[in-house]
1. Order of 209, 102, 300 from fewest to most other C-beta atoms within 10 Å?
2. For the modelled label position 7 Å from the Cα of residue 236 along Cα-to-Cβ, which residues of segment 183-227 have backbone nitrogen atoms closer than 11 Å?
3. I need to check one value: relative contact order of the chain, counting alpha carbon pairs closer than 8 Å and at least 6 residues apart, in percent.
4. Sorted from fewest to most neighbouring beta carbons within 10 Å, what does the list 144, 238 look like?
5. So if I place +1 on the C-beta of Lys and Arg and -1 on the C-beta of Asp and Glu, and nothing else carries charge, what would the dipole magnitude of segment 86-178 be about its Cα centre? I want it in debye, nearest 20.
6. Straight-line reach from residue 107: which lysines have Cα under 20 Å away, leaving out those fewer than 8 places along the same chain?
7. Work out the length of the dipole vector of segment 39-302 about its Cα centre, built from +1 on the beta-carbon of each Lys and Arg and -1 on the beta-carbon of each Asp and Glu, and round it to the nearest 20 debye.
8. Short version: ³J(HN,Hα) in whole Hz for each residue of segment 161-166, in order, from phi by Karplus 6.51 cos²θ - 1.76 cosθ + 1.60 (θ = phi - 60°), x for Gly and Pro, what are they?
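Taken together, the values in this text are just the output of simple stated rules run on the coordinates, not laboratory data. In this text, all values refer to a predicted model and were calculated from it rather than measured experimentally. In this analysis, Cβ positions are derived from the backbone assuming ideal geometry, glycine residues included, and neighbour counts consider all displayed protein chains.
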Amino acid sequence: MKRRSFVKGLAAGSAVAGFTGIAGKAMAGSGSRLQKHTFKLKYAPHFGMFRHHAGDDPIDQLHFMAEVGFRALEDNGMMGRPVELQKKIGDTLAKLDMTMGVFVVDKGGNSANTLAAGKKENLDIFLDGCRRAVEVAKRCNAKWMTVVPGDYQRDLPIGIQTANVVEALRRGAEIFEPHGLVMVLEPLSDSPNLFLQYSDQTYEICKAVNSPSCKILYDAYHLQKNEGNLITNIERCWDELPYFQIGDNPGRKEPTTGEINYRNVFKYIYEKGFTGVMGMEHGISKPGKEGELALIQAYVESDNF
């Protein structure tokens, strides 16, 4: 046997031996190039990102995430999961010393419900979602919940709409504050009809709500599309920023697949002393196990600063 082949085989065998859980089973006989990484930031995958390695069971997926080095989870749809599974996810996260990231506050099945309209029925739906989110957060050990105010109300002046949103969010903050929970407002790029689209607009609203339970979710994918100038705008909004989400542009796939220099962005955030969650809210550029390995490698490269 050639020395190079022997060393390569020995290294692969050692890597497999280092994993005794889900990752080890996924590696055994598969040729997967897996190892545990020590990331500087707390990147949070979603369920389904590693199903080709870990299978469909969400608890097995959590174990796999931990075994390859990820220290957090993000699950937008947590409120729609069965209560027992919410509890099981929370218990597993605690055992693995992982942090629960955001889930989305449910608007009673009406995603178009807009707080900008100032209508009592819309406010009632939102506040009911906030109350139910408190109970979900307790089960899964969450601290942050995503809130999207909804669409513009085009028959109202922008100042009136902003005041309506601020008032609704103050009411929501009153629900979350006693529990130490934080709703994070997400500016989006999905449609020009959305009320909340820019970081400075979101910053202004958070200052007006004036609550530790109302902050900004800075999704770099959406804000690269809407305004760019990422590091400068992160700096401007820093005191209202407890949470980030990731996705490259164009394509909304993992870092290194688009135009955003995520290594520089991550370096800046890390050097600011950020210890919170970085949600991996994006797709995967390649299929199957190779795509999952490429996803991990993209974070290894982008975290190397």
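1. Fewest-to-most ranking of 209, 102, 300: 300, 209, 102.
2. So the set is 198-204, 227.
3. Relative CO of the chain lands at 16 percent.
4. Fewest-to-most ranking of 144, 238: 238, 144.
5. Dipole of segment 86-178, to the nearest 20 debye: 280 debye.
6. Within reach: 119, 120, 138, 143, 215.
7. 320 debye
8. 4, 4, 4, 4, 5, 4
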